[in-house]
Each structure stands twice: as structure tokens, then as C-alpha cells.
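Visitor: What follows is a single structure, and I will ask about it in a moment.
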Amino acid sequence: MTSGAKRLWISAALAAGVTALVLALQGQGFDPLLKAELNAQDFLMRQGRKPPVDPRLVFLGITKTSYADDLGEDEMEADPVLKMLGGSFPWSRAVWAATIERLAQAGAKVIVIDLLFGAPGPGDDVLRRTLEKHQDRVVIGANFVGLQNDFSQFLQKSQTLLLPTSTVLPAPATGHVMQDRRVGFVNLWSDFDEVIRRANFRDSGDRPGSVLPPGVTAESLAARALRQFGRADAIPPGDEPRRFRYTRAPGFGYKPVPLHEIFLAGMWTNNFQGGEFFRGKIVVIGPAANILQDRHTTPFQYPTPQMLGPEIHLNIIGAALQGEFLREISGRGQLGLIAAAGLLAWVLAFSFRQTLRRLVLVLLLAACYWMLGLLLFNHSQLLLPAVGPLLVLLAISLLIFGLDFAVERLEKMRVRRLLERYISRDVARELLDNPATFLNSLTGVRRPVAILFSDVRNFTTMTEGADAAQLVQQLNEYFEAMVETVFASRGSLDKFIGDAVMAVWGNIVSHGPAGDAEDAVTAALAMRRSLVKLNAGWKKRGLPELAFGIGVNHGEVIVGNLGCEEKMEVSVIGDAVNLASRLEGQTKEYHLELLLGESMAPLVREKFLLRTVDWIRVKGKTKPVDTFTVLEERPPGGTGPAWLAHHEEGVRLYRQRKFTEAGVEFQAVMSAQPDDSLGRIYLERCEELAAHPPGPDWDGVTVKTKK
């Protein structure tokens, strides 16, 4: 048998053996393999698309077991509810009656209390009347008590059902308490590794071992909330658990509003707009204090995998409202993918004899498969199994790679020994170990990119009297945070220019003009947030706070490998780069942190709230450019604050030479934003130009003489 035939049979045997082993482990439900798959899916949950926080959902949290330390004696004496909150938890149930009444009067659509009123207690009578009065908008909890936290085990081993006490919710004359639309079970069942990834919306008395009577169907807290909200259509059909997409990591999504704040007159008026904040929303009330121990493990890791129970309920409700449920490949489908991966690995080993090229191709295929899984996760709500197929593909490829490497090494040793008989050892080593040497060079291409310049304010002045070591350390901390945001937004760091940072999107990998521009603005906003956090830390350490300006522009540039033979770097040059730098310089003139060029506006307007700044002609340019700044990410369906419309109308009138009318609009801006520097600039201009009208050649362009 030839060496080629031997290799073919050996590689086929390796591929078949590995595939059969993984298929057997998958079919038997091998825990480490299943856990690895769940961990891979958790990684997708952390890194993939996350639905936005639903503005219709509010978390009212029991953040302390006693609010006595947060309340004054006069406040507690003036309000009986605050007085009860100043005591120890559990409080009188009159607290929950008052909470429901206050939220209902404010117009809350649904009020969900993630608590169990399992035993009689003080205030039951008033809570009972309140639940009856607002029966079309309240939900309270019941609890299945079982031996297992795993729902699959619970199906066989549930023991009892803890219902609300009859002094709070009397048993109905007919039917079962769990059929009352005001009652939902609070249970959150985890997978076998104690991580909550699925939501259970129903349990049926027809299920074997159920504690419910036959024919009775119980619904979860989330299902009841959706039904009371008028969105019964959003509740998934059937009794099977449904994988759902989390909104954010614990503590970054639905943040708790402390319960006592809704009873403080000042906060009720200022923070909650006299209750208008709650109008039409689902308000979930539940434990948010560590001592209440209502935390569960989620797919997240940072800052903690533990998420509050009410926050998980909110994620489930939000997923239902936004249709963010995930579909899973069937068991047979998973086995089919594993078998296909094994066959593919063997075909590649048979087709590509060059081991390094084959290994690179396998890694690319694995990366493409992973990216396909990410795309399906993000856009098709489908969880593509990753561990089994990739394990087979990579394991077979590596084993055959090892086989080929061993054969190649043996062959190379044989050839080396042969060559060393005729030529010097050094020459043989070069011929065998370095058959080709080359240098890739980028000669220059034109590409549309987004460019960001950021520069620290008054840094030169700071260097004159600052301690050199301390200043370098502080600047390095600043650079570390800024570059981290660039990389997190899929950008590339072009260079540091003293205390300035230059970053580019689209020079190496592009996500399209709009994608590159949005990533650049996302990075700029993240830089602003990072600087706020840095300044807070520096202030505590007694270090000077920093301020900066950011200019972002989009346009065609030349991307090339620039430099000399001794040192080269990939960079960008062109007019769009120069304009981005000029825009950064102009942030000082308008007392803003961020300026965008006019080519950026149409690319990012759908995602961010933009504010027109000025029509300017920067130094070194003859053509004026329209400039903008960014307020924030555009909320879903939002148009921004009311004063923004006044500002934009004022700019329009200003450019039409209607200075008096424009001044009225800018006065409205200043009334809403007294410290608004841009509004003040325009108001002063309007007053000056109204008093001294410009000549006919006035075109509204502001000429800049400084960089």
C-alpha cells in the first residue's frame, strides 16, 4: 500500500472515531459537553445583540429592609406609610395597599408584586380591599415548593403550592385560586448548571405529578402581567420553557427605583413628574436588597452573574413584549451537524495536502461557523449548536495535522540527512526551514473612513508645573481608557499625537459607511462617559481633572503603509483627516466636547440625536461645512427634548436672516437650558445682528482663523 493510501485510511479512521465518540457523548447527554454548549451560548448572550431596555417597564425595588436611616422623623410622622417603612421588614401589608393605590392613581397599567403573602399579617384587610378594587391591574405571587430547582426534575418532584393567604385573597366560590388573573407563580427554574436561561409561563394540572387539580392551568408572574397589560398575544403558547434574550448584564438593565421615593413629596413631583412617569407602564415591585436573598445565576459574568429575581421577571416580560425568544436546534439536528462536521474535516484533510494551509482553512471555517451562529443569534433568534460540531471539526483537523506534521518531520529529517551529505548544514537548514521570505506592503488605496481626533484641553499649561511622573501616569490612564473605547467600538488606533488620540474606522475592516460612522460616534460618547469616571477617580486622589474635545469626520482618504525603510506604519492621509482635526479644535470655540462634520450627519442621524452647531469655514478651507454635536442615542420612536426643536428652528431662521424671530427660539432654549453655551452664543449673535443688520453678502458662515 502506498504512503498516500495509508494516510487516506488512517485519516478516515481518525475522523470516524472522533465523530462517533462525540455523537455518543451528545446522545447520552454527557454533562461536560452539555455544559460547554451552554457556556458557548452564554457567551453569545453576553457578546451578541441585546434588546433595548423597554421603557414600558419599571422596577420598584425594596432596596432596604428599613428606610429609617433615609427618612427624617418629621417625614415619618407626617406620612403613615413612611412611618411603616421606617420599621423592620416585613412591613404591614397596608404598605402594599398604599403602593398599589398610589401607582394606580398615577396611571400605572399593571402593578406586579413579586412577594408571597402566604400567612396572615397586619394590614391584610386593607390589602384585600385594594386588590379587589384594582383587580384589573394587579398581580401577586404564588410559589411552587419542590425538591429541585431544575424544572425538568420539578416536573416529577413538586411537593406543595404556596398560595396567598385567604385574608389577602379569599378562595373563589368556584375554580382554583391560581386561575385568578391576579395570581402568578414566581418560580424561576434553572438548567442543570443552576443558570436561568428559560422562562416558564404555564403549569398544568394535567401534567403528571402536578399539585394543581386536573384541568387547572396556572400562569407565571410574567404571563399574568402581560395578560393584565392587554398583551396576552405575547405569551408563548404551550407549557414548554422558552429561551429568552436578556436585555443587559445584572445591574445594567432594569435598575431598581427605591420604594420609599414614591412616598416622598419632593421626589414624587420632581423625579416622577407627579406620577406621570408611571403612566401606562408595568411596574414590578420586589426585593432588591442583598439581605432578602432573591438573586439567581444568569449567563452573565461581569460585574456579577447574580441577578435580582424581579429584574429577571422584567427581562422575561420585556422579551415577550419585544418577541425576543430564542429557538433551539432539535436533538436530531444537532447530531446531524456533528456528523456533517466530521465528514467536512475528513474531506478537507483529503483535499488539501498542505498542512498549514489546511489548518488555516479549518480555523477560518470554524470562525465563519461561529460568526454564522452569532448572526443567527442576533438576527434570526436561532441558537446554532457550536461545541459539538466545532469540537469534531477541530479535533479531527488537529489530529490529522499532527499526523501530517509527524510524517513531514520524519521526511524533512530524512531529506536533511541526505542534503547534509552534499551541502553545508547551514545551507540545508535555510533551504528546508525558510524556503521563501517575503514582506507584505500596503502601497496605498482610497477608502471612505470615519476619523476621530480627541485632544486634552490646556495640556501644555498643565505640563509646566506638574510632577512629570505623576502626569505621565495620569496620561497613560487616560490613554488606556480612550483606546479601550475605540477598540470596543470596532475602531483602530492610528496614532498618539502628544496628548491627542487619532482613531479610524473603515481603514482595515469596514462595516459600511453608516456602520463605521455610527461606531465612531459610539466611541466618542463612550469616551465622554469614561472621562467622567476617570475625573471622579482623579479627584479623589487629588489629581487635576481633565477636559477634552473630540472631532469626528467621514470621507475618502488614502490608506497606506507610510514611513521609511527603518520604520513604517499604516495610516491615513487626506482632506477628510485634516477636517476632523480642525473640528476637534473648534470644540473649544463652542464650549462643546464633540463636533461632527456634515458628512457624518446623514450616516448617524437615525441612531443618534443630533444638534446643529454652526456653518463654519475652518482655517485652510474655502468651502464651509455644517457642523453638529451629539446629545445621546436616539430613544425608540423619540424626537428628543422640546428645547431641541426650538434650537433647530432658531438656526433655520438665523440662516434666513430672521434674527429677531430666531432670538425668540433661542430664548426658549435658554429658558429650558440656562447653562447652554451654544444657545447663549446664538442669542448674542441674534441680538447683535438684529441691532446691526449685516450686508447683502452675509451668508451665515462663521469664518475661523484658528486651528
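Visitor: Quick one: order V552, V501 by neighbouring beta-carbon count within 10 Å, fewest to most.
Guide: Details: V552 28, V501 25.
Ranked by crowding around the Cβ, least crowded first: V501, V552.
Visitor: If you don't mind, there's one more thing I want to ask. List every residue whose amide H lies under 5 Å from the amide H of R93, counting only residues 5 or more places away in sequence or on a different chain, with H placed 1.01 Å from N in the peptide plane.
Guide: Here the answer is G123, D124, since their amide H atoms fall under 5 Å of that of R93.
Visitor: Shifting gears a bit: At a 10 Å Cβ-Cβ cut-off, how would you order V53, V472, fewest neighbours first?
Guide: Ranking V53, V472 by Cβ neighbours within 10 Å, fewest first, gives V472, V53.
Visitor: Just flag the GluC sites (Glu not before Pro) in the stretch 506-587 sitting in loop per DSSP whose Cβ has no more than 10 other Cβ atoms within 10 Å.
Guide: Sites meeting the loop and neighbour criteria: E565, E566.
Visitor: Could you tell me which residue out of L471, F252, A106 lies farthest along the dipole of the chain toward its positive end? Charges go on the beta carbon: Lys and Arg +1, Asp and Glu -1, centred on the Cα centre.
Guide: F252
Visitor: Can you flag which of K64/K109; K83/K133; K83/K540; K133/K281; K588/K621; K533/K621 are past 29 Å Cα-Cα?
Guide: Details: K64/K109 26 Å; K83/K133 24 Å; K83/K540 37 Å; K133/K281 19 Å; K588/K621 19 Å; K533/K621 37 Å.
Exceeds cut-off: K83/K540; K533/K621.
Visitor: Hey, another quick one. How big is the dipole moment of the stretch 445-636 about its Cα centre under a simple scheme where the beta carbon of each Lys and Arg is +1, that of each Asp and Glu is -1, and everything else is neutral? Debye, nearest 20, please.
Guide: It works out to roughly 400 debye.
Visitor: Count charges around M600 for me, please; just the other residues with Cβ under 11 Å from its Cβ, Lys/Arg as +1, Asp/Glu as -1.
Guide: Here the charged neighbours net out to -3.
Visitor: Test of understanding: ordering H379, H313, H647, H591 by Cβ neighbours within 10 Å, fewest first, what list do you get? Don't skip to the answer; put the middle values down first.
Guide: Numbers: H379 10, H313 27, H647 24, H591 13.
Lowest count first: H379, H591, H647, H313.
Visitor: Now, a different point. Is the stretch 507-654 rounded, prolate or oblate when judged by the Cα gyration tensor, a ≥ b ≥ c being the square roots of its eigenvalues, rounded requiring a/c under 1.5 and prolate requiring a/b larger than b/c?
Guide: Verdict is oblate for the stretch 507-654.
Visitor: Using only alpha carbon pairs under 8 Å that are at least six residues apart, calculate the relative contact order of the chain and give it in whole percent.
Guide: Numbers: 1141 pairs, mean separation 74.5, N = 707.
After rounding, I find 11 percent.
Visitor: Next up: Treating cross-link reach as a plain straight distance, find the aspartates and glutamates whose alpha-carbon is under 20 Å from the alpha-carbon of K412, omitting any fewer than eight places away in the same chain.
Guide: Here the aspartates and glutamates satisfying the reach criterion relative to K412 are D404, E420, D426, E430, D433.
Visitor: Compute the orientation-averaged projected area for the chain from the convex hull of its Cα atoms and round it to one decimal in nm².
Guide: Mean projected area for the chain: 44.0 nm², to one decimal.
Visitor: Considering only the stretch 445-636, what is the antiparallel percent among its DSSP beta bridges, to the nearest 5?
Guide: In the stretch 445-636, approximately 90 percent of DSSP beta bridges are antiparallel ones.
Visitor: Anything in the chain that counts as a DSSP H helix reaching 27 Å or more along its axis (C-alpha) with Kyte-Doolittle mean of at least -1.0? List them, would you?
Guide: Details: long enough: 3-27 (36 Å, 1.13); 331-351 (30 Å, 1.34); 355-379 (35 Å, 1.53); 387-419 (45 Å, 1.19); 468-488 (30 Å, 0.40); 512-540 (42 Å, -0.19).
Qualifying helices: 3-27, 331-351, 355-379, 387-419, 468-488, 512-540.
Visitor: Between V557 and residues 5 or more places away or on another chain, which pairs have amide H atoms under 5 Å apart, with H built 1.01 Å from N, and which residues are they?
Guide: Residues meeting the criterion, in which the H sits 1.01 Å from N, are R447, V449.
Visitor: Explain nothing, just the number: relative contact order of the stretch 52-323, from Cα pairs under 8 Å at least 6 residues apart, as a whole percent.
Guide: With pairs under 8 Å counted, the relative contact order is 27 percent.
Visitor: What is the distance, in nm, between label points placed 7 Å from the Cα along the Cα-to-Cβ direction at S510 and at E411?
Guide: Here the answer is 4.2 nm between the modelled labels.
Visitor: Amide H to amide H, which residues 5 or more places from V257 or on other chains are under 5 Å from it, using H placed in the peptide plane?
Guide: F59, L60, G61
The numbers here are math on the coordinates, done by the rules we state, and not lab data. Since we're looking at a predicted model, the values are computed, not measured. Glycine also receives a Cβ, built like all others from the backbone with ideal geometry; neighbour counts cover every protein chain displayed.
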